[in-house]
Structure formats: C-alpha cells, structure tokens
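In what follows, a structure is listed as structure tokens, so that the remarks can point back to it.
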Amino acid sequence: MKAYYTSRIIISLAFAVLQWATGAIWWEAALIAAVLIALFMWAPRSGRYAVYPELGVSALRRDEFTQAINDKAARNAFMAMALAVSGYLIIVGGVTAVPIQFVKWLLFGGIGVYYLSDFWLRGQRLIAKPQE
Amino acid sequence: MKLQNRLKQQRQNRGFTQAELATAVHVTRQTIIAVEKGRFNPSVKLALEIAQALNTPITELFWLDQQENQS
C-alpha cells in the first residue's frame, strides 16, 4: 500500500499548494491538506472499498454495492444543486451575473449532499462495526 | 416478491468472517453486510460467486419470498 499512500499524500499536498497559490491563507491550505490526507488514510479501512495492494496507486476498487450508493448520492447532489440554482435564479429574477461566492457555496453544498446521502444510504456509522 | 437469504447462517457454518468472504468474492465487507441484512440484492454474478466461495448451492443461499405474492 506504499504506492497508494505516497500518491495520495502528494495529491493532497499539491491541492493544498494550489489553494494557497490561488489566494487561500496558508493555514487554510494546510488544513485542507490535513483533511485530505486523513480521508485517504481512512478510505482503505472504512470497509467501503475492496482493497487490492498489488494494484499500487489504484489499490481501492468500488464493487457493485458501493457503485450503486455512489450513483444515488451523485443524483441527489445533482438535484440539490439544480434546485439551489433554480431557486437563486427565481429570487434574483432572471439570468444575471452569478457571484463567484454563490458558486463556491453551491459546490460545497453539492459535496455535502453527496456525502450525507452516501452515509445515509449505507446506513452505517462512521466507524465500522466489529467483524461478526 | 422479495429476495430472501440465509447468507449469514451459511457463512458462519463454514467458518467465514464477513471480511474473509468479502475478500474471497472481491467485494467490500459492507456489501456482505448489506446482502445479509437484505438491504441490497446482489447481482447474479455476485450471488454465484458467493455460492461458489461457500461451496453451497445458490438455492440454499437465496430464494424469493412467495408469501408476499400470495397475500
């Protein structure tokens, strides 16, 4: 799993540097990197993915159950974002310049809906139950 | 008609943990949990792979609940 962890640390740091280079405060970028690294460390132990260490950087695989959950969560996120955009356009009274702040919150909201749907559809706790 | 299963019973009878069975059929432990609890219907391929891993006829693992149809 060395290749997996190494690649994910590099990706997390690169994303954080990108955030910093585009205007984020240094500690915000560091926090983003820390959160991403923690998520990547948790993923192989979460029970959500079939783990194939021999595959190196692409060691985690979705199976049919995980893919079905992901598909439903993605649809929920898309619908939530579509409704949010529609509501915003109705409120402002038409297609006008959309402020970038709204787009940022829209994306965060979509990601939030995706993961909330994912956890709810799985019916699980954040920490996997002990094996039976 | 609802798909029923006795996967947990058969798995335990053969000494498999959920993780071991999941590894044997190349799925996640969550998938095995979801199938055992009836929250997810496996594909035909997965059902056959589970039956093969447990060395059990598939009809002893999965069946359709006829009672719902008759009520």
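The values are calculated or read from the model by the stated rules, or taken from the named source; none is laboratory data. No experiment lies behind these values; they were computed from the predicted model shown. Note that we place each Cβ from the backbone using ideal geometry, even for glycine, and neighbour counts take in every protein chain shown.
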Q | Residue satisfying condition, being over 30 Å from A:Gly123 (Cβ atoms), out of contact with any strand residue (DSSP E or B) (no Cβ under 7 Å at 6 or more places or on another chain) and surrounded by 13 or more Cβ atoms within 10 Å (Cβ to Cβ), within set A:Val95, A:Val57, A:Val103 | A | A:Val57
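So that you can scan it fast, the table gives a plain yes or no per residue for (1) modelled with pLDDT under 95; (2) under 10 Å from the mean Cα position of the chain (by Cα); (3) not aliphatic (A, V, I, L, M):
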{"residue": "B:Lys2", "(1), (2), (3)": "yes, no, yes"}
{"residue": "B:Gln18", "(1), (2), (3)": "yes, no, yes"}
{"residue": "B:Thr23", "(1), (2), (3)": "yes, no, yes"}
{"residue": "B:Thr28", "(1), (2), (3)": "yes, no, yes"}
{"residue": "B:Val35", "(1), (2), (3)": "yes, yes, no"}
{"residue": "B:Pro42", "(1), (2), (3)": "yes, yes, yes"}
{"residue": "B:Ala47", "(1), (2), (3)": "no, yes, no"}
{"residue": "B:Asp65", "(1), (2), (3)": "yes, no, yes"}
{"residue": "B:Asn69", "(1), (2), (3)": "yes, no, yes"}
Q.
Given the options B:Leu46, B:Leu21, name the one that is of a type in the set (A, V, I, L, M, F, W, C), in contact with a Lys or Arg (Cβ under 6 Å, 6 or more places away or on another chain), within 11 Å of another protein chain (Cβ to nearest Cβ) and part of a helix (DSSP H, G or I).
A. B:Leu21
Q | Among the residues listed as A:Asp118, A:Asp71, the single one being farther than 30 Å from B:Gly15 by Cα, surrounded by fewer than 13 Cβ atoms within 10 Å (Cβ to Cβ) and of a type in the set (Asp, Glu) | A | A:Asp71
Q.
Looking at segment A:31-54 only, could you name the residues that are over 17 Å from the mean Cα position of the chain (by Cα) and either among the aromatic types (Phe, Trp, Tyr) or away from chain B (no Cβ under 12 Å) (or both)?
A. A:Tyr52, A:Glu54
Q. So B:Asp65 fits all but one of (1) within 12 Å of another protein chain (Cβ to nearest Cβ); (2) touching a strand residue (DSSP E or B) at 6+ places or on another chain (Cβ under 6 Å); what number is the exception?
A. (1)
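Residues are listed down the side, and each one gets a yes or a no for (1) within 12 Å of chain B (Cβ to nearest Cβ); (2) small (Gly, Ala, Ser); (3) in a helix (DSSP H, G or I); (4) without any contact (Cβ under 8 Å) to a residue 12 or more places away in the chain:
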site: A:Gly56; (1), (2), (3), (4): no, yes, yes, no
site: A:Gln67; (1), (2), (3), (4): yes, no, yes, yes
site: A:Asp71; (1), (2), (3), (4): no, no, yes, yes
site: A:Asn76; (1), (2), (3), (4): no, no, yes, no
site: A:Ala80; (1), (2), (3), (4): no, yes, yes, no
site: A:Ser86; (1), (2), (3), (4): no, yes, yes, yes
site: A:Ile91; (1), (2), (3), (4): no, no, yes, yes
